[in-house]
1. Return yes when Ser157 is at pLDDT below 95 and under 19 Å from Thr260 (Cβ atoms) and no when it is not.
2. Of all residues in the range 178-212, count the ones that are within 16 Å of the ligand (Cβ to nearest atom) and among the basic types (Lys, Arg).
3. Name the residue, out of Lys82, Lys75, that is of a type outside the set (A, V, I, L, M, F, W, C), within 21 Å of Leu156 (Cβ to Cβ) and within 16 Å of the ligand (Cβ to nearest atom).
4. Of all residues in the range 123-150 being in contact with a Lys or Arg (Cβ under 8 Å, 6 or more places away or on another chain) and either modelled with pLDDT under 95 or of a type in the set (Gly, Ala, Ser) (or both), which is surrounded by the most Cβ atoms within 10 Å (Cβ to Cβ)?
5. Which of the residues that make up the range 151-180 are buried (at least 23 other Cβ atoms within 10 Å of the Cβ) and charged (D, E, K, R)?
6. Show the residue pairs meeting these rules: Cβ distance below 6 Å; 6+ apart or different chains; first residue within the range 158-170 and in the same structural domain as Ala84 (by TED's automatic domain parsing); second residue of a type in the set (Val, Ile, Thr) and assigned to a helix (DSSP H, G or I).
7. Would you mind stating whether Leu302 is within 16 Å of the ligand (Cβ to nearest atom), farther than 19 Å from Asn216 by Cα and exposed (fewer than 15 other Cβ atoms within 10 Å of the Cβ)?
8. Any chance you could count how many residues in the range 24-63 are surrounded by 18 or more Cβ atoms within 10 Å (Cβ to Cβ) and among the charged types (D, E, K, R)?
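The values are calculated or read from the model by the stated rules, or taken from the named source; none is laboratory data. What you see is a predicted model; the values in this text were computed from it and never measured. Heads up, the Cβs are rebuilt from the backbone with ideal geometry, glycines too, and the neighbour counts pull from every protein chain shown.
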Amino acid sequence: MEKEKADIRKLALKEIVSFCEENSLKSFRGKQVYEWLWKRSAKTFDEMNNLPKNARQIFSTQFVINPLQISNIQKSKDGTIKTAFKLFDGGLVEGVMIPSEKRATACISSQVGCNLACTFCATGKLKLLRNLGPGEIYDQLVVIKQQAKEHNNTPLSNIVLMGMGEPLLNYKNVLQAINNMISEKGLGLSPRRITLSTSGVIKGIMKLADENVKFNLAVSLHTADNDKRNRIMPVNKTNPLDKLAKAIQYFHEKTGKRITFEYLLLKDFNDSLADAQKLAEYCKIVPCKVNLIEFNATGDGLFKKSPKLKTEAFYNFLESKNMVVNIRSSRGEDIDAACGQLANRAGSEKVKK
Ligand code: SF4
């Protein structure tokens, strides 16, 4: 049986350089290949026209690049663009470009499906098929960056890993993708513009702290009540709020970074003033800001959006405690591109531009 070719974008630069040396190629060829892969987003080895033909052949007999293909593009009436990406093995993931007047945000995925089964999330209803490779995470950003330029005439100012999947359960590939987004050998973006959002995987948060990462961390809290959190986020059963607090404090101590807490307001579940009080108490653990997120229906009717008056009362309560708090209104709801709605419902449709 023919040996399966390895995904070259899972290799670090020094590994590609070693491969060159082992195959009697000059080591600078490794740097050239790396630049083609990340800075120039080459989809084939044949495109690498500053490499001799035999070098391109050696690489293509051993490796594949596995670029993402665009499967479907949907545009919301508010300008949000959702793109369904087809993977080399037929899997689908989604990425979203969220425009505003002066900037654009990219929301990208890290896994095909997710097995954390948060009850408010459409992705959580899909079983985890596999982790995305570093190149597959990175490619989403390259496409969305271009969309921001073409459709909104703005550079991409923020990148959030908040799409499909739990990034800290695909730790190595996510970190490699982010490192290439930051690196001058890749997109050269400032790490301050990048936010990794986790449901609260303690082990991963500790690891990020030990690596002293320079990008931001957001934690999807959604309630500061342990029992309630167990009910909507099964991950809480093994990563309970008290232990999560210690990991978050450790991250802050090591990196000096302010944490963002994401809080989805669910009608009559976590939107009372008593819930706000609990949240305010929990937030005392570190310097932080809170994003209150409007809930978007996922079709199962389990939860409803918190009424405007309650949302405002919740917001005012936190503000009265001198907390930094924002309300994130829903974007791209008409195309299922809003928070918690990514589930590839349109993934198999034809490309619409
Ligand atoms: S909210 Fe995030 S962690 Fe929870 S099921 Fe959805 S994708 Fe997974």
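1. So Ser157 fits the description; yes.
2. Residues meeting the conditions: 1.
3. Only one candidate passes the filter, namely Lys82.
4. Gly135
5. Listed by number, the list holds a single entry, Glu166.
6. Every condition considered, the pairs that remain are Met164/Thr123; Pro167/Val174.
7. The answer is yes for Leu302.
8. 2
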